[in-house]
Amino acid sequence: MAKIKRIGVLSSGGDAPGMNAAIRAVTRTAIYNGIEVIGIRHGYQGMINGYFKLLKTFNVSDIIQRGGTILKTARCEEFKTPEGRKKAYNNLKDRRLDGVVVIGGDGSFTGARIFNEEYDIPFIGIPGTIDNDIYGTDYTIGYDTALNTVIEAVDKIRDTASAHNRLFFIEVMGAEAGFIAIRSGLACGAEAIIIPEIKNQVKKLRSFLEEGFKRKKSSNIIIVAEGADEGGAFGVAKKAKKDFQDYSVRVTVLGHIQRGGSPSVYDRVTASRLGYAAVEALMDDQKSAMVGLQNNEVVLVPFRKAVKLHKEVNWELLEIANILSV
Ligand code: ADP
């Protein structure tokens, strides 16, 4: 195969802190190897509409520390249609792109996999989502920063919770899975963690908390993933209220602050490693695969597996959190 001369890079789907660090790494690795880089703005929509911009080294200066994404991101229904993907392909061909790096989540990789079944321009993915819910990689870019944001907020809430004997239900992101809830819950010493994977947890809350009541614990923090079956933190708090009449119950929904902010060291380093690896993968004629981290080693995982297989939460961490919370 001929040497690649020009590649595209885009961010797609939900944004995550560290996407900029990945864009920087892709751009600079490519330029280092004599490859031109085209930034595609607004995700797949930009691919269809031709929002292309040549990226030079200086275009990615001063962004490693910024949240969000300088290329913007988007959700694009048109890319789900054969006509939309045809338009995208024609634009990539017109611009003579030899490969594309897609920074995004599950949905973005599903689109990339379908595109690579239909067309010969190779796509490589970099997992970027705060949810950490992608099979084949231990970490996704943005997850660590989101966790740090959560524990900073929870630590502050605990100060006020202890001052007033309050029972706090704090909702974190995780519509489908408890990745953020479990890890942040362990890290902030939550008294209980409620996740979508386990049903009817409210019933068990009493026994979770009883020990603490006996010891007159002055504050109780319950971390609730937004997808908890009782209906997020408000739903859980409503059900739990009658059981805990000695305490005044409060609810905090952390919401979108979890998506923003300057990326952590871990996310910047991961984004740099994976951005570098994505360009190397394209230079090695790879396609339809995601670069990821397994046991701190960079690996290449076919999109087919990354999007089809289910990633389990770390049950051991949940057990440890429960044991340590009494
Ligand atoms: P994320 O990548 O964060 O999971 P989404 O699920 O919103 O975010 O997906 C991002 C974009 O990927 C969608 O807006 C769409 O353009 C593309 N995409 C998702 N699913 C498909 C699909 N089945 N076919 C083609 N493109 C898809």
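Quick notes on this one:
- Theoretical ellipticity at 222 nm over the chain - DSSP helices of four or more residues, -39500 (n - 2.57) apiece, nearest 500: -13000 deg cm²/dmol
- Debye, to nearest 20: dipole size of the chain, +1 on Lys, Arg Cβ, -1 on Asp, Glu Cβ: 620
- When each of the peptides 296-305, 17-26, 309-318 is scored by how many other beta carbons lie within 10 Å of its residues on average, the order from highest to lowest is 17-26, 296-305, 309-318.
- For the chain, the relative contact order is 24 percent, taking Cα pairs closer than 8 Å that sit 6 or more residues apart in sequence and dividing their mean separation by the residue count.
- For Asn296, neighbours were defined as the other residues whose beta-carbon sits under 15 Å from its Cβ, and their charges (Lys and Arg +1, Asp and Glu -1) total -3.
- Sorted by Cβ neighbour density within 10 Å, fewest at the top, the residues Ser219, Ser61, Ser184: Ser61, Ser219, Ser184
- When only alpha carbons are used to place a centre, the stretch 67-116 and the stretch 131-167 end up 31 Å from one another.
- Förster radius 45 Å - calculated FRET efficiency between Lys242 and Asp94, Cβ distance, rounded to 0.05: 0.10
- Cα centre as origin, Lys/Arg/Asp/Glu Cβ charges: the stretch 145-259 dipole, Debye: 420
- Share of Cα-Cα pairs in the stretch 9-124 lying beyond 18 Å, as whole percent: 45
- When Rg and Dmax are taken over the Cα atoms of the chain, they come to 21.8, 72 Å.
- Calculated log₁₀ intensity ratio I(q)/I(0) where the Debye formula runs over C-alpha points of the stretch 233-326, q = 0.14, 0.23 Å⁻¹: -0.86, -1.23
- Cross-link pairs beyond the 25 Å C-alpha cut-off, checked among Lys217/Lys239; Lys56/Lys86; Lys217/Lys241; Lys5/Lys311; Lys3/Lys56; Lys238/Lys308: Lys56/Lys86; Lys5/Lys311; Lys238/Lys308
- Highest mean packing comes first when the peptides 221-232, 155-166 are listed by Cβ atoms within 10 Å, giving 221-232, 155-166.
- Per-q log10 I(q)/I(0), the stretch 71-179, q = 0.21, 0.23 Å⁻¹ (Debye; single scatterer per alpha-carbon; no solvent): -1.14, -1.26
- Cα centre as origin, Lys/Arg/Asp/Glu Cβ charges: the stretch 1-142 dipole, Debye: 700
- Calculated FRET efficiency for the pair His164/Val265, C-beta based, R₀ 41 Å, to 0.05: 0.75
- 18 Å reach of a label modelled at Arg75, 7 Å along Cα-to-Cβ, counting backbone N of the stretch 251-265: 255-260
- Scaling the Cα radius of gyration of the stretch 145-259 by the globular reference 2.2 N^0.38 Å produces a ratio of 0.95.
- When the Cα positions of Ala281, Phe244, Gly255 are compared along the charge dipole of the stretch 211-289, Phe244 comes out farthest toward the positive end, with charges on each C-beta of Lys, Arg, Asp and Glu.
- Among the GluC sites (Glu not before Pro) in the stretch 105-180, those located in a DSSP loop and surrounded by at most 15 other Cβ atoms within 10 Å of their own Cβ are Glu176.
- Simple spin-label estimate for Gln294 and Asp62 in nanometres, 7 Å along Cα-Cβ: 4.1
No value in this document is a laboratory result; all are computed from the given coordinates. Treat the numbers as computed from the prediction; the structure is a model and nothing was measured. Note: ideal-geometry Cβ built from the backbone for every residue, glycine included; neighbour counts use all protein chains shown.
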